[in-house]
1. Take the alpha carbon atoms of the range 6-24, find their center, do the same for the range 101-175, and report the distance between the two centers in whole angstrom.
2. What are the principal axis extents of the Cα atoms in the range 149-256, in Å, biggest first?
3. In debye, nearest 20, what is the charge dipole magnitude of the range 1-70 about its Cα centre with +1 on Lys and Arg Cβ and -1 on Asp and Glu Cβ, if you could check?
4. For the range 107-157, give the magnitude of the charge dipole about the Cα centre (Cβ charges: +1 Lys/Arg, -1 Asp/Glu; no others), in debye to the nearest 20.
5. Working out 0.36 nm times the residue gap between Ala105 and Glu131, then minus their Cα-Cα distance, what length gain in nm do you get to one decimal?
6. May I ask for the angle, rounded to the nearest 10°, between helix 20-31 and the longest principal axis of the chain, with both axes built from Cα atoms and the value confined to 0 to 90°?
7. Tell me, what is the percent relative contact order of the chain, built from C-alpha pairs under 8 Å that lie six or more residues apart?
8. Would you compute, from DSSP H runs of 4+ residues alone, the mean residue ellipticity of the chain at 222 nm, taking -39500 (n - 2.57) per run and dividing by the full residue count, rounded to the nearest 500?
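Coordinate-derived values only; no laboratory data. This one's a predicted model, so the numbers in the text were calculated from it and none came from an experiment. Reconstructed Cβ throughout: ideal geometry from the backbone, glycine too, with neighbour counts over all protein chains shown.
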Amino acid sequence: MTSDAGLSGRTALVTGAGYGIGREIALRLAQAGASVVLAARSEGALRSTAAEIEAAGGEAMVVPTDIGDPDQVQRLASAAGPVDVLVNNSGIAGPVAKLWRIDPADWDETFRVNVTGTFLVCRACLPAMIERRQGSIVVIGSATGKRPMTGRAPYAASKLALVGLVRTLAWDVGPHGIRVNLISPGPTEGERIDALMEKQAAARGTTVAEVRPEFVAAAPLQRLTTPGEVADAVLFLASPGARAITGQDLNVSSGWVMH
């Protein structure tokens, strides 16, 4: 099942590994030879991902986790043991509404998962990385943080916050031989973008058929990005081929954003 990405014998932890981008990332890391620890709130989806990895000859461990809960995150880190690659992919879309109509509880929940969850998982896994003086952390942000859409203030703000987290953390852990990078996917094929288009259409009083072409036309490649393309970028950043790359924000967006 292995490829030449240099991850044989390594352990990778992927949060949000049950669906979409997270699932593709887990599969790609397993194909590269890593043993993969799968975390998310949905145990059934995680077991489906694990079954696919194992059917192809890989190794997977399922650890159901709410990454916004410090105690659950500590249990996750203990179960995983020292990890070589940490992919913080878990995130929620949050509410779609004008800011003055957003419930503070929905705002807080978006940040609890998208930002605090990333902080907690990094915090729990870093001591072992620092002790061994090695590791690659990849955080999945969003191009929405740089090209906001109407009604998406909580999501855009939370994802852009991750850029600051990654750049600062890269300085903190660089002397210990650890790299930290962020990927900003653009609109990506799958259930999440379909649901977002429905919410955008409802918020604007229009239809999905009218909203979808706007997403496509906004990218020079005239298409949405695929989960597999995001996973390819993660695999590169996790590999020895990216050993001189840290503190970066890589757009994987079909050109939807260029900064």
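1. Computed from Cα coordinates, the inter-centre distance equals 17 Å.
2. The Cα atoms of the range 149-256 stretch 52, 26, 22 Å along their principal axes.
3. Values: 5 positive and 8 negative charges, 15 e Å.
In total the dipole reaches around 80 debye.
4. 200 debye
5. Full extension from Ala105 to Glu131 adds 5.6 nm.
6. 20 degrees
7. With pairs under 8 Å counted, the relative contact order is 19 percent.
8. -14500 deg cm²/dmol
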